[in-house]
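Remarks on the structure that follows.
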Amino acid sequence: MIIEISKLNYIYNPGTPFERKALNHIDLEIEEGEFIGLIGHTGSGKSTLVQHLNGLIKPSSGDIIIDGVNICKKDTDLKKIRQKVGLVFQYPEYQLFEETIYKDIAFGPQNLGLNEEQIHERVKEAMEVVGLDYESLKDRSPFELSGGQKRRVAIAGVIAMKPKVLILDEPTAGLDPHGRDEILNEIQGLFEKEGITIILVSHSMEDIAKLVDRIVVMDSGRVAMDGKTRDIFKKSKELEEIGLGIPQITKFMKAYKAKGHDVRDDILTVEEAKIEILRYLRRKEND
């Protein structure tokens, strides 16, 4: 088990008129190598939860065990925890600050005390993982890049730390469709190549459906649902009741089936829908 969360509570502004319980008795376990989608409406507690996972926020009560270490104890070395759990914030390009792409990505590995050769290898490998050409881009300013490329540099900076867990908070926010697809493909490639644990926070049900194996649904600071992607998206009514939806293609297939067509209605992607509809039409022709 890479992450174990037990009875986790967090209260903003305790003891004041603005007191608010952001996390309410969270129990959650995540296995090594899982690809998790974390979804919920605005204010459901998603971002608060993921910021607990590398010690950016200390819980009001409860325990968080990362790779066997309880990070809530006073003597925990949070620097070591943050090497294991990499967190990419929404709009991470706003945190770029060095004069070259190389220096920006190298910042984390340098803080780990690695030598120049090790840093060089980490930077080169991280750039390759996110689809940035090392030779042509390493000496360029990150501020000369497109929005999508800046986002990749920021993600590469976290990947260069070689975390066991990578948390991505709305990694495609604000990108055009091309940039969005590129980032998602790189994330999927990273998962398939490195096998690290990934937690993807997203409002896009299409992105979640395409990428993740398991979904954790949050509502009012609690875990409302937790299960396999296909099983969670079968619960369209329950999701709608807490202000969420299902992928558009899933909605279409449910409506198509409701009109009397004998098709599966647990379809998650356009490619799956295409295969299922062709199968149905061929079967009709043969009947």
With 18, 89 as the choices, which residue is at pLDDT below 95 and surrounded by fewer than 17 Cβ atoms within 10 Å (Cβ to Cβ)? 18
For the structure I just gave you, tell me whether residue 75 is among the acidic types (Asp, Glu), crowded, with 19+ Cβ neighbours inside 10 Å and either without any contact (Cβ under 8 Å) to a residue 12 or more places away in the chain or part of a helix (DSSP H, G or I) (or both). no
How many of the residues making up the stretch 1-24 are closer than 25 Å to residue 171 by Cα, in a strand (DSSP E or B) and among the aliphatic types (A, V, I, L, M)? 4
So which residues in the stretch 216-234 are more than 17 Å from the chain's Cα centre (by Cα) and touching a residue at least 40 places away in the same chain (Cβ under 8 Å), if there are any at all? 219, 220, 221, 222, 224
Within the stretch 123-145, how many residues turn out to be part of a helix (DSSP H, G or I) and not acidic (Asp, Glu)? 10
Check on residue 54, touching a strand residue (DSSP E or B) at 6+ places or on another chain (Cβ under 8 Å), surrounded by fewer than 16 Cβ atoms within 10 Å (Cβ to Cβ) and within 30 Å of residue 11 (Cα to Cα): no
Here the residues within the stretch 25-67 that are part of a strand (DSSP E or B) and farther than 17 Å from residue 170 by Cβ are 25, 26, 27, 28, 29, 30, 61, 62, 63, 64, 65, 66
Determine whether the stretch 226-249 contains at least one residue that is basic (Lys, Arg) and in contact with a helix residue (DSSP H, G or I) (Cβ under 8 Å, 6 or more places away or on another chain). no
Return the residue satisfying two criteria in turn: it lies in the stretch 192-212 and is under 24 Å from residue 232 (Cα atoms) and more than 11 Å from the chain's Cα centre (by Cα), and of such residues it is surrounded by the fewest Cβ atoms within 10 Å (Cβ to Cβ). 192
Matching residues in the stretch 162-186 (more than 17 Å from residue 3 (Cα to Cα), under 14 Å from the mean Cα position of the chain (by Cα) and either part of a helix (DSSP H, G or I) or of a type outside the set (Asp, Glu) (or both)) number 8
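Out of 237, 193, report the one residue that is of a type in the set (Lys, Arg) and touching a residue at least 60 places away in the same chain (Cβ under 8 Å). Outline the logic, then answer.
Details: 237 fails: touching a residue at least 60 places away in the same chain (Cβ under 8 Å).
Going through 237, 193 in turn, the sole match is 193.
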Within the stretch 85-142, of all residues that are acidic (Asp, Glu) and under 23 Å from the mean Cα position of the chain (by Cα), the one nearest to residue 157 (Cα to Cα) is 104
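The values are calculated or read from the model by the stated rules, or taken from the named source; none is laboratory data. It should be emphasised that the depicted structure is a prediction, and the values quoted were computed from it without experimental measurement. No Cβ is skipped: glycine too gets one built from the backbone with ideal geometry, and neighbour counts run over all protein chains shown.
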